[in-house]
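Worksheet for the structure shown next.
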Amino acid sequence: MIPADTSEQVSRNPLRSFAVPFMSSRAFLFLWLGHLISFLGSSVTMVILPVLVYSLTGSTTIMGFVMASYMLPNVLMLPISGHIVDRYDRVKIMMIADIARFFIMLAIALLSLSGLLSIPLLFLFVGFYGLLDGLFQPAYAAVRATVFTPDIRVAANSLTQMTTQAVRLIGPALGGLLITHWSAGIGFGLDAFTYVLSLICLVYLRRGISYSLRRPSTLSIQAEASTEAQSIQEASRSLPSTHWKDDFREGIAVLRSHPWLWITILAFSFINICYSGIISVLIPWLFKVHHGWDPYLYGLAVTFSGVGAIIGGLLFGLRSTWKHRGIMAYGGAFISGAALMAIAFVPSAGWTIALFALEGFGIMIFGLIWEISLQELVPQEAFGRVASLDMLGSFALLPIGYIAVGWLADLIGGVATISICAGIGMATIAFVLSIPAIRKFQ
């Protein structure tokens with residue numbers, strides 16, 4: 001419950017709504033800060049990794065295999081991770097994953113700095129990283145769904161996404177500068193260090209939950225903190241053991257009860273191939289190989305994608321409710337696809353960077369509506385299973401897609417492949433919008 005004086009302030013100034021999650025939820029602060037820090041390191045790595053691969057090989061096919069080596073273990077882990085997340089302490093799962101990812105990134109950094117990092121070793125480490133990501137992400141999504149209570153849900157989601165994208169103003173540009181003026185190993189080392197800081201935030205998150213449970217409730221705000229902490233504990237508590245396949249089927253049953261959920265997951269299993277293949281495999285090629293631009297320009301382009309996303313999140317978060325959410329969500333995804341297609345044909349870095357901002361804006365609108373709809377429609381006790389199925393459906397075909405996109409680009413050219421992939425993605429969106437359950441979703 002938001003205090004009355006806070007509600008009056010929000011009504012007078014909509015921007016104050018973004019402060020409400022901090023005032024209403026102690027758990028929100030730790031969850032938000034830990035994610036933000038770790039995302040900084042990941043955003044640096046996502047710029048350094050493709051530049052490093054293209055420097056070593058110059059091949060879009062190899063880059064496709066590197067991305068596939070991340071996605072395949074990730075996808076294989078997801079059906080099992082949903083079972084784990086819904087039956088054990090979700091925060092503890094996130095902590096274990098952060099510790100393991102720290103050691104992986106530290107090993108990559110040391111090998112890179114010593115000149116011993118090879119493509120086969122990179123495949124191995126990226127594969128282990130993907131496996132851990134497949135465990136961490138459903139746990140994070142489930143904890144977030146519990147902490148983002150209905151009274152702060154729109155503001156909390158918008159603020160989280162906006163600040164995450166704000167990190168993209170720093171991380172990619174920082175990654176581009178690091179690999180241009182220093183080395184990839186420094187960037188990987190920075191990524192490893194951010195997992196240590198994220199782990200500290202998660203430790204305080206658990207302590208804050210325990211403190212709230214022990215604290216006497218003499219005021220209403222204290223009672224609400226205790227209730228929030230109790231709900232997190234209950235959502236993370238170990239349940240009677242069943243086979244992961246049974247949990248998998250239960251998650252599917254939840255999805256089938258809402259056409260918006262299962263149709264969107266199915267559609268984006270194809271759309272993500274098109275869009276992610278362009279962004280992860282072909283855009284780095286476009287900058288480094290096709291145009292021969294300096295690495296910092298690629299980092300700047302990814303940064304401006306974050307600028308567009310922040311604008312989208314800010315506009316969306318100014319209102320607590322939106323009508324025609326189905327059309328808004330898929331309209332945003334369509335805008336993103338159109339921007340990606342246009343990127344293949346603009347000759348200047350300036351226009352390319354501007355189109356990246358438009359791509360970020362569109363995909364942010366879709367992402368916010370999708371996250372909020374999941375938190376509204378999925379029961380807390382099943383959220384880990386549904387989140388893992390969401391990620392499985394969205395990412396299952398990505399390993400094949402990355403390889404296929406890289407192979408097709410080597411066969412017919414990167415520019416033609418960008419056009420084909422973006423066109424298929426937009427055509428899929430247009431088809432899905434013809435379905436009433438999607439078009440009329442509120």
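Please treat every number below as a calculation from the coordinates, not as lab data. Bear in mind that the values here come from a model prediction, so they are computed numbers and not experimental data. Every residue, glycine as well, gets a Cβ built from its backbone with ideal geometry; the counts of neighbours run over all protein chains shown.
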Next on the checklist: Can you give the FRET efficiency to the nearest 0.05 for Ala253 and Trp322, using r as the Cβ-Cβ distance and R₀ = 22 Å?
Outcome noted: 0.20
Item to check | Under Karplus coefficients 6.51, -1.76 and 1.60, residue-wise ³J(HN,Hα) of the stretch 136-151 in Hz, glycine/proline x | outcome: 5, 4, x, 5, 5, 4, 5, 5, 4, 5, 6, 6, 7, 5, x, 6
Checklist entry - In the calculated pair distance distribution of the stretch 371-442, what percentage of Cα-Cα distances lie above 21 Å? => result 50 percent
Checklist entry - Ordered by residue, what ³J(HN,Hα) values in Hz, to whole numbers, does the stretch 337-354 give under the Karplus form 6.51 cos²θ - 1.76 cosθ + 1.60, where θ = phi - 60° and Gly and Pro are x? => result x, 5, 5, 5, 5, 5, 4, 5, 10, 8, x, 10, 5, x, 5, 4, 5, 5
Checklist outcome for this item: Largest first and rounded to whole Å, the semi-axes √(5λ) derived from the alpha carbon gyration tensor of the stretch 76-152 read 30, 13, 9
Checklist entry - For the pair Glu376 and Leu266, how long in nm is the line joining their label points, each one 7 Å along Cα→Cβ? => result 2.2 nm
Checklist entry - If each of Ile119 and Ser55 carries a label point 7 Å out from its Cα toward its Cβ, how far apart are those two points in nm? => result 1.7 nm
Item to check | Zone of Lys440's modelled label, taken as backbone nitrogen in the stretch 264-298 under 18 Å from a point 7 Å along Cα→Cβ | outcome: 264
Checklist entry - Just in the stretch 350-442: which trypsin sites (Lys or Arg not before Pro) are loop by DSSP and have at most 14 other Cβ atoms within 10 Å? => result Lys440
